[in-house]
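Novice: My questions will all concern the structure given below.
The values are calculated or read from the model by the stated rules, or taken from the named source; none is laboratory data. Given the structure is predicted, the values throughout are model-derived calculations rather than measurements. FYI the Cβ positions are ideal-geometry reconstructions off the backbone, even for glycines, and counts take in every protein chain you see.
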Amino acid sequence: METVRSHERGDRAAFTIDLTSLTTERENPASADIDSKSTVEILEIINTEDKKVAFAVEKSIADIAGLVDAVVASFKKGGKLVYVGAGTSGRLGVLDASECPPTYGTPPSMVQGLIAGGREALVKSIESAEDKEDMGVKDIEAIGFSGNDVLVGITASGHAPYVLGAMRKARELGAAVGAISCNPNSGTFELADHRVFVDVGPEVVTGSTRMKSGTAQKLVLNMITTAAMIRLGKVYRNLMIDLTPVNKKLVERSKNLIMRAAECDRETAERAFAASGKKPKIAIVMVLLGIDASSAEALVAANDGHLSKAVEAFNAGRDRDRGR
């Protein structure tokens with residue numbers, strides 16, 4: 001038995017974790033003698049185990065969908081999505097959150113990631129930080145977490161006090177709470193409205209949850225934010241039309257997106273891109289409908305940011321006018 005004790009005054013009583021009960025801590029028979037294998041054989045074992053991860057995630061799609069719907073509902077009322085984790089799980093949450101602004105043009109506050117130990121823990125292992133339950137509470141309070149927001153606890157084992165503390169506080173505030181874990185008896189599931197259990201089985205290297213468990217978490221996080229952003233109208237067909245062109249590559253990508261979506265030549269795309277204030281979505285509407293930037297902005301806003309709906313509404317209005 002491993003005892004995890006809180007280090008801060010006022011935390012809950014010490015509790016125990018029976019590591020032998022955790023799927024991710026069991027020995028994997030497929031890699032039992034991996035230390036005697038050649039490099040190629042080692043890689044083949046790892047690759048074979050990794051192939052199982054996507055199928056494990058597939059079994060959890062219905063649960064992930066419920067969490068996505070809660071996130072979308074929160075976004076529509078001005079709320080935010082906050083990931084909370086420790087170690088690899090925390091880093092993955094911070095990574096997913098940090099990629100939303102450039103990819104979908106969201107403000108940094110809309111999707112946030114909190115990791116036990118703070119910024120230093122992103123590049124340096126601070127294992128003891130996850131034992132501090134009250135720091136999870138303090139960290140979500142520091143970002144102004146409220147009942148309008150969604151908190152998702154990410155943890156392979158499911159018992160990190162830092163994560164559990166944040167989840168308890170979120171519940172007290174009346175927020176929707178989700179949990180992603182790779183163990184069926186995860187402590188996070190007791191505190192979650194939306195439980196995402198991804199059964200990846202034991203790791204290739206026993207207990208090394210940065211491997212299959214981490215891969216599964218990354219896949220699920222990608223699904224949550226990608227699906228939510230699509231539901232918010234930040235994708236047209238399969239093009240990420242709300243990206244923020246902050247460097248040369250993204251400027252070029254923006255122009256290519258306009259050319260593809262509006263089926264226009266490069267010169268037309270460049271003119272619209274400049275006139276739109278470097279907003280690909282607005283530029284596409286301008287070219288597709290032959291309207292100016294302010295009209296395109298108003299039309300998109302009137303249709304909840306959905307480009308397809310904006311085009312349909314414009315064409316429907318034009319058809320009505322012609323029928324008079």
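Novice: Kindly evaluate Ala274 against the criterion of being hydrophobic (A, V, I, L, M, F, W, C), touching a helix residue (DSSP H, G or I) at 6+ places or on another chain (Cβ under 6 Å) and farther than 30 Å from Ala54 by Cα.
Specialist: no
Novice: For Leu221, state whether it is touching a strand residue (DSSP E or B) at 6+ places or on another chain (Cβ under 8 Å) and assigned by TED's automatic domain parsing to the domain that holds Ala160.
Specialist: For Leu221, the condition - touching a strand residue (DSSP E or B) at 6+ places or on another chain (Cβ under 8 Å) and assigned by TED's automatic domain parsing to the domain that holds Ala160 - is met.
Novice: Further question on the same structure: Which residues, counting only those in region 66-95, are within 23 Å of Ala129 (Cβ to Cβ), touching a Leu at 6+ places or on another chain (Cβ under 7 Å) and surrounded by fewer than 23 Cβ atoms within 10 Å (Cβ to Cβ)?
Specialist: Correct list: Arg91, Val94.
Novice: Here is a further query. When both residues are 6+ apart or on different chains and their Cβ atoms are under 7 Å apart, which pairs have a first residue that lies in region 29-54 and is small (Gly, Ala, Ser), and a second that is part of a loop (DSSP other than H, G, I, E, B)?
Specialist: Ser31/Val204
Novice: Is there a residue being touching a strand residue (DSSP E or B) at 6+ places or on another chain (Cβ under 6 Å) and on the phi < 0 side of the Ramachandran plot anywhere in region 122-130?
Specialist: Within region 122-130, none of the residues are touching a strand residue (DSSP E or B) at 6+ places or on another chain (Cβ under 6 Å) and on the phi < 0 side of the Ramachandran plot.
Novice: I'd like to check something: does region 239-252 contain any residue that is among the aliphatic types (A, V, I, L, M), within 24 Å of Ala316 (Cα to Cα) and in a strand (DSSP E or B)?
Specialist: Yes, that holds for at least one residue.
Novice: Oh, and also: Working carefully through the options Val53, Val72, Val40, find the one that is under 19 Å from Val198 (Cβ atoms) and β-branched (Val, Ile, Thr). Full working, then the answer.
Specialist: Numbers: Val72 fails: under 19 Å from Val198 (Cβ atoms); Val40 fails: under 19 Å from Val198 (Cβ atoms).
Result: Val53 is the single residue among Val53, Val72, Val40 that is under 19 Å from Val198 (Cβ atoms) and β-branched (Val, Ile, Thr).
Novice: Moving on to the next point. Yes or no: Ala121 among the hydrophobic types (A, V, I, L, M, F, W, C) and within 20 Å of Gly207 (Cα to Cα)?
Specialist: Yes.
Novice: Give region 100-112 a look and list any residue that's exposed (fewer than 15 other Cβ atoms within 10 Å of the Cβ) and touching a residue at least 24 places away in the same chain (Cβ under 8 Å), or say none.
Specialist: Ser109, the sole residue that qualifies.
Novice: Still on this structure, please answer the following. Any residue in region 293-316 that is touching a Cys at 6+ places or on another chain (Cβ under 7 Å) and surrounded by 15 or more Cβ atoms within 10 Å (Cβ to Cβ)?
Specialist: Checked against the condition, which is being touching a Cys at 6+ places or on another chain (Cβ under 7 Å) and surrounded by 15 or more Cβ atoms within 10 Å (Cβ to Cβ), region 293-316 yields no hits at all.
Novice: Ok, one more. Of a type in the set (A, V, I, L, M, F, W, C) and farther than 30 Å from His194 by Cα: does that describe Ala228?
Specialist: Working: of a type in the set (A, V, I, L, M, F, W, C): yes; farther than 30 Å from His194 by Cα: no.
Here the answer is no, as Ala228 does not meet what is asked.
Novice: Quick one: which of Val198, Val163 is touching a strand residue (DSSP E or B) at 6+ places or on another chain (Cβ under 8 Å) and under 25 Å from Asn47 (Cβ atoms)?
Specialist: Answer to the selection: Val198.
Novice: Please work out which residue is surrounded by the fewest Cβ atoms within 10 Å (Cβ to Cβ), limiting yourself to region 17-50 and to residues that are modelled with pLDDT under 85 and assigned to a helix (DSSP H, G or I).
Specialist: So in region 17-50, the residues modelled with pLDDT under 85 come out as 17-27.
Subsequent filtering for residues that are assigned to a helix (DSSP H, G or I) retains 19-21, 23-25.
Details: Leu19: 14, Thr20: 9, Ser21: 13, Thr23: 20, Thr24: 23, Glu25: 19.
Result: Thr20.
Novice: Something else about it: Kindly list, by first and then second residue, each pair from a residue in region 113-139 that is of a type in the set (Lys, Arg) to a residue that is crowded, with 19+ Cβ neighbours inside 10 Å, limited to pairs with Cβ atoms under 6 Å and residues at least 6 apart or on different chains.
Specialist: From residues that are of a type in the set (Lys, Arg), the pairs are Lys132/Tyr162.
Novice: So, Val285, is that one within 23 Å of Tyr104 (Cβ to Cβ), touching a His at 6+ places or on another chain (Cβ under 9 Å), part of a helix (DSSP H, G or I) and not assigned by TED's automatic domain parsing to the domain that holds Thr106 or not?
Specialist: no
Novice: Checking Ser181 against (1) farther than 17 Å from Gly214 by Cβ; (2) surrounded by 22 or more Cβ atoms within 10 Å (Cβ to Cβ); (3) free of Cβ contacts under 8 Å to residues at least 60 places away in the same chain, only one condition comes out false. Which one?
Specialist: Every condition holds for Ser181 apart from (1).
Novice: Can you name every residue in region 216-238 that is in a helix (DSSP H, G or I), of a type in the set (A, V, I, L, M) and either free of Cβ contacts under 8 Å to residues at least 24 places away in the same chain or farther than 24 Å from Ser276 by Cβ (or both)?
Specialist: Ala216, Leu219, Val220, Leu221, Met223, Ile224, Ala227, Ala228, Ile230
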